[in-house]
1. Per-residue counts of other Cβ atoms within 10 Å, averaged by peptide: what ranking do you get for 174-186, 93-105, 126-138, highest first?
2. Please rank HIS216, HIS122, fewest neighbouring Cβ atoms within 10 Å first, as an exposure proxy.
3. For segment 92-211, what's the relative contact order in percent, using C-alpha pairs closer than 8 Å and at least 6 residues apart?
4. Going by how many other Cβ atoms sit within 10 Å of their own, how do CYS223, CYS17, CYS246 line up, fewest first?
Amino acid sequence: MARKSPKFEGSIICEVCGKETPRRGTFQKYCPDCSAQKDRERKLKWARANPPDPDELNKKRAQAETRRKSFGVEISTKNKAKMHWPAEQSEADDLIHLVRVSVPFSYGFSKNSIWSLGNRGHVYARKEANALREQLAWKIKNVQADWYEGKVWIDIFVEKPDMRGDAINVIDLVCDAVKDAIGIDDRWFCIRRLDWAVVKKDPKIYVGVGQAIDQHHRVCSKCGKLLPLSEFGNNKSVRLGKSRECKECQTMLRKIAKEKDKPGCGTPGSQAQGKAQRWSVWKEGGI
């Protein structure tokens, strides 16, 4: 039969905060909150009095980083798509909002016309290219829309007056203009469609910018999944106030770290020493 815990009656006065709290043990002195604080102080005092060996600490950090990378690679491999496009509907076909604008066609949009070389070998952006970029960015910015960190889908349709230019060469300048207009870094950009046609009269370049999300997203630094910010733990020290590892990876990494620190699993010392070492490693920035 399972052994039952003894029942305690009455209450005590916490020696730290002075509040009355139900009795939970024979030698209880503190309320639950003060007891947890005392426990943290005790562990921190022990860690300061027993600093780990630097070489051993570096070894543990290297092992922890190896585990984290291996874990992320394993998850990323499972989620890797095939070489062909998936048959099911993709995120690009389910946009929440889409902004479309047009500007007159110009060969100045070509990547071959953006930069020029000065007399002394100085590379500079041509004024015509800068003016075209600003014109396109201004048109996109004038359309009221909310933009979030996450995949940005871009459609480009080029009407060119002849076959001299390559439609694909306009991507660089168009993406730079979109980045200026919506304030999202171009590492999030995806080209959804790129097409062209020869139009002899009044040719234009049509640009569509859309998103299928209504909140900020982040890529997990370990497994590589693109997830909403709600799937990441809080971390006020980084931008957006969220950790760079998703909750699932953090949970699994904690479990792996605990298994590695258990007595008999290659880590010397008792379970109490293992906990103290993990506390010290955590204070130093490890797992």
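Each value in this text was obtained by applying a stated rule to the coordinates, not by laboratory testing. It should be emphasised that the depicted structure is a prediction, and the values quoted were computed from it without experimental measurement. Cβ placement follows ideal geometry from the backbone for every residue including glycine, while neighbour counts extend to all protein chains displayed.
1. Details: 174-186: 18.5, 93-105: 14.8, 126-138: 16.5.
Going by the mean number of other Cβ atoms within 10 Å, highest first, we get 174-186, 126-138, 93-105.
2. Least to most surrounded, the residues fall as HIS122, HIS216.
3. Details: 212 pairs, mean separation 50.6, N = 120.
42 percent.
4. Details: CYS223 21, CYS17 12, CYS246 25.
Going from least to most buried by this count: CYS17, CYS223, CYS246.
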